[in-house]
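Below: one structure, written as structure tokens.
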Amino acid sequence: MISPLILFAALGAVGAAALGAWWFSPYQQTLRAIRAAPLVRVADAPDGQLVRILGTLRAGTRTLDAPLSQLTCAAYRVEVDVRVSTGKSSSWRSLIRDRESVDFVVEDETGRAIVKALQLEPAIVLDHHQRSGTWNDATPELDAYLTRHGHKSTDFFGFNKGMRYQEGVLEPGETVAILGLARWEDDPHPGAARGGAGYRETARRKRLVIEPSALGPVRASDDPSVLS
């Protein structure tokens, strides 16, 4: 018989490992970094400083179609897991971790900032969920997505695997928090400004750009914990 002390120690070690994995995950690291930065308005962003901006996402010159929901967005995050049986128990194993982003705009009451998506680290809430399994075939769209990533919803014998699909997007109109390096640059298209909103009046109009810094990538999130 296993000693209760050994059992409790083993359970404690498993719990500590799970907590550590959660704490050091890119998602949680992004949320902590956003919370730690000073919140500024677009018009007040100091040039060359790491800042946090809170505002409404607006589409840039290009948008994406999210692969599962087909929603128009500036960034998406997809997680696909497959259920794996090991003896009398089963667990979820990561199969696909997919994300993409394009440049977009964030607008607050003082103006607009262009957010550079190069190296964007998104902490996007996964709020679109689908499943397939024994009595539930994957849709043609899900099968096509799996095929693009080198996977199938069925096993060698043609039986459905137990699978779950989760997706989150940053879409136009939603509130987002952004962390990045603030840089004011000459606007190559000053006529695009709406009454100068988000621009600084100098010899030449300046526009705000949020870009990666030496400390890391631009971080973006729609997680409620960083939206206040």
Which of the residues spanning region 102-143 are open to solvent by less than 20 Å² (accessible area, probe 1.4 Å) and touching a residue at least 60 places away in the same chain (Cβ under 8 Å)? Phe104, Val106, Gly111, Ala113, Val115, Ala117, Leu120, Pro122, Ala123, Ile124, Leu142
Cβ pairs under 8 Å, 6+ apart, first in region 22-34 and under 16 Å from Val125 (Cβ atoms), second among the hydroxyl-bearing types (Ser, Thr, Tyr) and surrounded by fewer than 17 Cβ atoms within 10 Å (Cβ to Cβ): Leu31/Ser225
Could you list, ordered by first residue, the pairs with Cβ atoms under 6 Å in which the first is in region 144-160 and farther than 13 Å from Leu95 by Cβ and the second is in a loop (DSSP other than H, G, I, E, B) and β-branched (Val, Ile, Thr), at least 6 apart or interchain? Asn160/Thr134
Quick check: is even one residue across region 41-49 under 11 Å from Leu170 (Cα atoms) and among the small types (Gly, Ala, Ser)? no
Which numbered condition Arg32 fails, given (1) in contact with a Leu (Cβ under 8 Å, 6 or more places away or on another chain); (2) among the charged types (D, E, K, R); (3) open to solvent by 40 Å² or more (accessible area, probe 1.4 Å): (1)
Being in contact with a Pro (Cβ under 8 Å, 6 or more places away or on another chain) and of a type in the set (Lys, Arg) is the filter; apply it to region 72-101 and report the residue that is surrounded by the fewest Cβ atoms within 10 Å (Cβ to Cβ). Arg99
Determine whether region 153-170 contains at least one residue that is of a type in the set (Val, Ile, Thr) and closer than 25 Å to Ala59 by Cβ. yes
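Residue-wise test of (1) open to solvent by 30 Å² or more (accessible area, probe 1.4 Å); (2) part of a helix (DSSP H, G or I); (3) at pLDDT below 95.
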| position | (1), (2), (3) |
| --- | --- |
| Leu11 | yes, yes, yes |
| Val14 | yes, yes, yes |
| Gln28 | no, yes, no |
| Gly48 | yes, no, no |
| Gln70 | yes, no, no |
Listing of strands (runs of 3 or more DSSP E) fully contained in region 86-152 that carry 2 or more residues being under 23 Å from Trp184 (Cα atoms) and in contact with a helix residue (DSSP H, G or I) (Cβ under 7 Å, 6 or more places away or on another chain): 111-115
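Residues in region 41-57: is at least one hydroxyl-bearing (Ser, Thr, Tyr) and within 30 Å of Lys152 (Cβ to Cβ)?
no
The values are calculated or read from the model by the stated rules, or taken from the named source; none is laboratory data. Computed from a predicted model, the values in this text were never measured in an experiment. Every residue, glycine as well, gets a Cβ built from its backbone with ideal geometry; the counts of neighbours run over all protein chains shown. With ligands, DNA and RNA removed, areas are computed over all heavy atoms of the protein, side chains included. Shrake-Rupley method; radii C 1.70, N 1.55, O 1.52, S 1.80 Å.
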